[in-house]
Amino acid sequence: MDKIRIKGIKIYGHHGALPEEKRLGQPFKVSLELELDTLPAAKTDDLTKTVNYAEVIRVVEEELKGPPAHLIETIAQRIAEKILANFSIIEGVTVELLKPFAPVAADFEGISVVIHRQR
């Protein structure tokens, strides 16, 4: 299966376990790996035979700007479900959701969850 990667989509959201996280919000980063057969598009050079990256990114934005969740696992699952529901050409999706400023008393670059879902 071929893969299309969309890396580092930056979106501000209001998710987290603490009330301050939901009230103030924070930046999140999402990276996707989309599994699909790119051969029909490659052979014909036809945009309609592949996935529209802008529409996929729009799904990610809607979820991160949508109803708050306590867990990044929940948001990653919502993103995966919507991508598979809205883009029939995609056979599988890997979602990495990074929370760079998780409220943890430590020096770190961020905390992320990575999930993979298939049809």
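Brief remarks on what is shown
- Ellipticity estimate at 222 nm from DSSP helix runs (n ≥ 4, -39,500 (n - 2.57)) divided over the chain, nearest 500: -10000 deg cm²/dmol
- Cα-Cα P(r), segment 65-106, percent of pairs per 5 Å interval: 5, 18, 26, 21, 14, 9, 4, 3, 0
- Extension gain from K3 to A54, taking 0.36 nm per residue of separation minus the Cα-Cα distance: 16.7 nm
- Within straight-line cross-link reach of K99, lysines at Cα separation under 17 Å, skipping those fewer than 8 residues along the same chain: K7, K10, K22, K29, K65
- Shown here are the Rg and Dmax of the Cα trace of the chain, at 15.4, 53 Å.
- With R₀ set to 41 Å, the beta-carbon distance separating E81 from A105 gives a calculated FRET efficiency near 0.80.
- Taking Cα centre as origin and charging only the Cβ of basic (Lys, Arg, +1) and acidic (Asp, Glu, -1) residues, the dipole magnitude of the chain rounds to 180 debye.
- Helix 72-86 vs. the chain, principal-axis angle (Cα, 0 to 90°, nearest 10): 20 degrees
- With respect to the chain, whose longest principal axis is taken over its alpha-carbon atoms, helix 53-65 is tilted by about 20°.
- Comparing V56, V104, V30 in a Gaussian network model of the chain where C-alpha atoms under 10 Å apart are linked, the largest mean-square fluctuation is found at V104.
Any read-out appearing in this document is the output of simple, stated calculations on the displayed coordinates, not a laboratory observation. Quantities reported herein were computed from a predicted structural model and do not represent experimental measurements. Reconstructed Cβ throughout: ideal geometry from the backbone, glycine too, with neighbour counts over all protein chains shown.
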